[in-house]
Amino acid sequence: MCGIVGYAGYRNAATTLVSGLEKLEYRGYDSAGVAVYINNAIVVKKTKGRIEKLKEILKTVSIEGTIGIAHTRWATHGAPSDKNSHPHTSNDGKISLVHNGIIENYKQIRDELIKKGYQFDSETDTEVVVHLIRDYYNGNILNAVFDAVSRLKGAYSLAIICADEPDRLIAVRKDSPLILGIGKNENFIASDIPAILEYTRNVYILNDGE
Ligand code: GLU
């Protein structure tokens, strides 16, 4: 289990994401992190420990973007640590994602990507997904996600952002929960409804494979 939140709209994304995470802390608290798009780049802040620790870090920086993703982890592969915390980001910093679940065939994909020159920063199963998406990326993040998930075995809900397509927030799920919250001039992704109830009651529950 873990908590995922995604936001695209007009509010301060980091603040909105953290407030959503706090409603999901029952789902995991090994680490917490956010990734927000600002000025053609993705800024990532993450730490081992509870959301309170992430909030302390966020007090020391100003992150003004309005689209981003966030995560509280329940570690399955790799110890609770700063490096194993989500979001995970591609080597060139273009793509960032959070994941709930287990990628069963991650070892095989990891070996393949290492041969291609991708560098791994963490011990997680999750990190293969971001490098795989980057490998397929050819200017359309949605297509790259379709290609990457067709290779995955296991359970996943994923929220993804891409610095080259900052108006898109991608959500996909298989055997792990994920919902969308539809607001006015803003939309949300979350593992569970309480994360977004403060903002909208218009909820769409993603089907498996959607
Ligand atoms: N398997 C991933 C990890 O260990 C995701 C765990 C989770 O769902 O929080 O980082």
If you take the residues of region 167-184 that are outside any strand (DSSP E or B) and buried (at least 17 other Cβ atoms within 10 Å of the Cβ), which of them is farthest from the ligand (Cβ to nearest atom)?
-> Gly183
Within the group Val129, Val149, which residue is within 13 Å of the ligand (Cβ to nearest atom), of a type outside the set (D, E, K, R) and either modelled with pLDDT of 95 or more or within 28 Å of Tyr10 (Cα to Cα) (or both)?
-> Val129
Go through (1) away from the ligand (no atom under 12 Å from the Cβ); (2) farther than 30 Å from Asn185 by Cβ; (3) touching a Phe, Trp or Tyr at 6+ places or on another chain (Cβ under 7 Å) and name the single condition Gly68 misses.
-> (2)
What's the number of the condition Val203 fails, among (1) without any contact (Cβ under 8 Å) to a residue 60 or more places away in the chain; (2) surrounded by 13 or more Cβ atoms within 10 Å (Cβ to Cβ); (3) in contact with an Asp or Glu (Cβ under 7 Å, 6 or more places away or on another chain)?
-> (3)
Here are some conditions: (1) at pLDDT below 95; (2) under 13 Å from the mean Cα position of the chain (by Cα); (3) more than 16 Å from the ligand (Cβ to nearest atom). Cys2 meets all but one. Which one does it not meet?
-> (3)
In region 7-21, the residues that are surrounded by 24 or more Cβ atoms within 10 Å (Cβ to Cβ) and either within 15 Å of the ligand (Cβ to nearest atom) or more than 15 Å from the chain's Cα centre (by Cα) (or both) = Leu21
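Yes or no: Ile114 outside any strand (DSSP E or B) and more than 13 Å from the ligand (Cβ to nearest atom)? Before you say what the answer is, go through the steps one by one.
Details: outside any strand (DSSP E or B): yes; more than 13 Å from the ligand (Cβ to nearest atom): yes.
Yes: the conditions hold for Ile114.
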Quick one: would you say Thr124 is touching a residue at least 40 places away in the same chain (Cβ under 8 Å), within 16 Å of the ligand (Cβ to nearest atom), touching a His at 6+ places or on another chain (Cβ under 6 Å) and in a loop (DSSP other than H, G, I, E, B)?
-> yes
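The values are calculated or read from the model by the stated rules, or taken from the named source; none is laboratory data. Bear in mind that the values here come from a model prediction, so they are computed numbers and not experimental data. We place every Cβ from the backbone using ideal geometry, glycine too, and count neighbours over all the protein chains shown.
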